[in-house]
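Asker: Just passing along the structure, written as structure tokens.
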Amino acid sequence: MTLPLDGITVVALEQAIAAPLATRHLADWGARVIKVERPETGDFARGYDKVMQGMSSQFVWTNRTKESVALDIKTEEGRRALDALLEKADVFLQNLAPGAAKKLGLDAKSLVERHPSLIACDISGYGSTGPFRHKKAYDLLVQCETGFLSINGTPEAQAKCGLSIVDIATGMYALNGVLMALYRRERTGKGTAFEVSLFDSMAEWMSYPAYYTRDSGTPLTRAGARHATIAPYGPFKAGDGKAVFFGIQNEREWQAFCGKVLEDAAIASDPRFSSNPQRLANQLELEALITARFAKWSSEEVAEKLETASIANARLNDVEAFLQHPQLHERDRIQSVSSPVGPLQVFKPPLIIDGIEPVLGPVPAVGEHTGKVLAELGLEASAQGSIQ
């Protein structure tokens with residue numbers, strides 16, 4: 001079976017989440033990813049937690065199928081080995097501290113000048129220009145700087161996202177850039193130097209609330225589990241005390257909801273609720289009306305009525321319930337991978353390609369592949385990862 005990225009070699013000087021997530025997706029589809037780590041300690045994400053039989057859940061998530069090479073790139077021997085790897089690489093990604101890659105001549109622009117067919121990506125907190133270019137950045141801090149916390153949470157309190165939303169966004173844009181650059185090289189033979197920052201990635205994700213705030217003159221209201229600008233959209237309590245989540249996206253759905261779920265088609269044309277802006281302006285009255293109607297039925301009955309009316313709806317699951325979700329198990333979305341601590345259960349990548357299975361290889365130990373990889377380059381490595 002030929003995978004889409006067979007034959008592509010990726011060298012990554014990476015840590016934390018953004019860059020490792022991008023390269024793991026490349027590894028999923030056949031690229032050989034050589035992860036350069038610090039000798040002994042490795043990527044600091046290895047120490048984020050120890051919950052997966054002694055391994056970090058975040059490291060396992062972002063680093064399966066890779067080869068780990070332990071190098072001290074500040075030594076002459078380590079740099080010689082890295083340069084030898086770059087000679088054979090198709091793609092290079094790095095997310096070192098601000099300015100560190102440029103000092104080492106490992107920034108994307110410098111590398112593509114030396115290796116014209118290389119695709120090189122710099123991942124940083126705030127980019128290579130601007131007043132914040134030297135500022136360190138982590139996920140939550142960029143959530144703060146881009147205004148995300150101001151729109152997330154309840155009216156009483158702001159809240160961070162429970163996921164590494166900034167790192168994930170940045171990793172996916174880096175992946176997108178690599179794939180575009182590979183396609184460009186296929187046609188032109190030329191490499192590409194590009195950068196992506198946590199701040200710019202989150203700026204893209206903040207487009208809608210930024211446009212809304214700027215052009216309406218009114219900041220989005222933190223709405224908790226409800227939508228800030230669409231109504232009804234969120235949780236509503238049924239007669240058994242359990243919440244049912246549903247959302248109305250257009251007037252056709254609103255009319256179906258009133259007629260088939262609330263069993264009163266006249267509500268749809270009530271001047272207080274006849275358009276989404278009106279429903280938002282009268283949201284408290286709307287929610288009281290819906291809750292009063294739902295009180296007649298159990299949450300299961302409400303969900304069944306919503307389904308019958310083709311109104312999108314959901315249960316409020318916790319993570320434990322999600323892990324048992326029938327969609328995961330009936331679609332075979334979980335697979336075992338090997339690791340230094342034994343088999344670990346992980347999710348398959350979300351792309352499903354007919355006739356092609358992604359690679360879900362082992363999670364590497366620090367420097368596990370140093371000897372093997374350097375031997376391919378004609379170099380010899382000691383057990384500590386230094387070059388002889």
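No value in this document is a laboratory result; all are computed from the given coordinates. Source: prediction; values computed, not measured. Don't worry about glycine lacking a Cβ; one is built from the backbone with ideal geometry, like all the others, and counts go over all protein chains shown.
Asker: Residue by residue through the range 282-287, what is 3J(HN,Hα) from phi via Karplus (6.51 cos²θ - 1.76 cosθ + 1.60, θ = phi - 60°)? Round to whole Hz and write x for glycine and proline.
Answerer: For the range 282-287, the Karplus curve yields 10, 5, 4, 5, 4, 5 Hz.
Asker: Shifting gears a bit: For the chain, with the dipole built from +1 on Lys and Arg beta-carbon atoms and -1 on Asp and Glu ones, taken about the Cα centre, which of Gly367, Leu220, Ile356 lies farthest toward the positive end?
Answerer: Leu220
Asker: Spelling out what I want: for every residue of the range 58-71, take phi, set θ = phi - 60°, compute 6.51 cos²θ - 1.76 cosθ + 1.60 (Karplus), and round to whole Hz; glycine and proline get x.
Answerer: These are the phi-based 3J(HN,Hα) values: 6, 5, 4, 4, 9, 9, 5, 6, 9, 9, 9, 10, 8, 9 Hz.
Asker: Please arrange Thr213, Thr291 by counting, for each residue, the other beta carbons lying within 10 Å of its beta carbon, fewest first.
Answerer: Thr291, Thr213
Asker: Using the per-residue mean of other Cβ atoms lying within 10 Å as a proxy for protection, in what order, highest first, do the peptides 64-77, 326-339 fall?
Answerer: 64-77, 326-339
Asker: May I ask for the angle, rounded to the nearest 10°, between helix 18-28 and the longest principal axis of the chain, with both axes built from Cα atoms and the value confined to 0 to 90°?
Answerer: Roughly 80 degrees between the two axes.
Asker: How tilted is helix 207-216 with respect to the longest principal axis of the chain? Cα atoms for both, answer in degrees (0 to 90, nearest 10).
Answerer: 50
Asker: So, one more: May I ask for the net charge around Asp167, where only other residues with Cβ less than 13 Å from the Cβ of Asp167 are counted and Lys, Arg are +1 while Asp, Glu are -1?
Answerer: 0
Asker: While we're here: Across the range 147-164, in residue order, what do the Karplus-derived ³J(HN,Hα) couplings come to in whole Hz, using 6.51 cos²θ - 1.76 cosθ + 1.60 with θ = phi - 60° and x for Gly and Pro?
Answerer: Whole-Hz 3J(HN,Hα) from phi for the range 147-164: x, 4, 4, 5, 10, 10, x, 9, x, 8, 8, 6, 8, 6, 6, x, 10, 7.
Asker: What net charge do the residues around Glu67 carry, taking every other residue with its C-beta under 9 Å from that of Glu67, with Lys and Arg at +1 and Asp and Glu at -1?
Answerer: +3
Asker: If you don't mind, another one. What's the angle, to the nearest 10 degrees (0 to 90), between helix 299-308's Cα axis and the longest principal axis of the chain?
Answerer: 90
Asker: Could you estimate the translational diffusion coefficient of the range 329-378 from the Stokes-Einstein equation, with Rh from the Kirkwood formula over C-alpha pairs, at 10 °C and 1.306 mPa s, in whole µm²/s?
Answerer: The estimated diffusion coefficient comes to 120 µm²/s.
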